[in-house]
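Inspection log for the structure reproduced underneath, given as structure tokens.
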Amino acid sequence: PGAVRCCATDGGGGAPTLPLSQTKPELPPWETGHDARVPPRSADEAPPDLDTVCAEAAAAVRGGLLRGRRGMRIDVGVPSLDPGSRMYEPAHLARVCLELAKDGLAPLDGRVLLLLPGFTTSGAASSLLADDALGWPAELRDRVEISALGLSRPPEDPDALPAAVIVAGLSSAADSDDPSLRNGRAWLRAAPRCAVLCVNPENFLVEPVDS
């Protein structure tokens with residue numbers, strides 16, 4: 001398949017349609033999809049560069065939002081974007097999430113919260129956003145808030161929710177005292193009250209269950 005796969009629930013939290021071929025029957029709604037998938041590449045095509053990955057992921061998310069989707073999972077099959085890979089590059093995942101906030105979430109007004117796996121990745125995102133050479137629009141800097149997953153839980157007041165949240169690299173915690181998994185699952189439950197993008201989670205952690 002192509003490098004980017006976008007799956008979604010519908011805007012009202014109802015039963016989703018068009019299950020992906022990779023989906024197992026017992027998996028929850030976050031594992032099912034709609035027609036915002038990126039067309040597959042042939043086996044002899046070179047892996048896409050980061051710019052292409054960002055553009056494809058943003059287009060898939062933008063299309064999902066315009067169809068009323070408010071809970072989307074984005075799987076990007078590139079090792080440098082997988083926190084569990086030895087080839088992981090924190091700045092690459094940070095860049096993809098910033099591009100999603102800029103282009104993928106363009107149909108939405110309001111604050112966007114980026115929740116990234118650990119201080120290294122969240123720090124990389126902050127550095128990228130502050131880099132004038134990258135030409136980020138001023139309005140993006142004004143609307144984006146960056147944090148590590150372990151530091152942020154959803155507010156109790158629904159009116160205090162951001163317009164959208166990007167939960168990236170959600171994985172099982174190596175340390176039992178690390179609240180990242182618990183916080184990430186709590187944010188997944190915020191859809192459809194706000195738009196929630198779950199980027200490159202471990203496969204078995206996407207169900208928004210109580211914890």
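The values are calculated or read from the model by the stated rules, or taken from the named source; none is laboratory data. Since the structure is predicted, the reported quantities are computational estimates derived from the model, not experimental observations. Side chains included, ligands, DNA and RNA excluded: accessible areas come from the protein's heavy atoms. Shrake-Rupley method; radii C 1.70, N 1.55, O 1.52, S 1.80 Å.
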For this session: Determine the gain in length on full extension of the stretch ASP132-ALA163; use 0.36 nm per residue of separation and subtract their C-alpha separation, reporting nm with one decimal.
Result: 8.6 nm
Exercise. Quick one: with all protein chains in place, what share of the accessible area of the stretch 86-130 is carbon or sulfur, to the nearest percent (1.4 Å probe)?
Worked result: 54
For this session: For the stretch 137-186, give the percent of accessible area contributed by carbon and sulfur heavy atoms, probe 1.4 Å, rounded to a whole number.
Result: 42
Seminar exercise, completed: the stretch 61-211, Kirkwood Rh and Cα Rg, ratio Rg/Rh at 0.93
Exercise. Per residue, how much accessible area does the stretch 71-211 have with a 1.4 Å probe, in Å²?
Worked result: 45
Seminar exercise, completed: Stretched fully, the stretch from SER85 through ARG189 gains (0.36 nm per residue minus C-alpha distance, one decimal, in nm) 34.7 nm
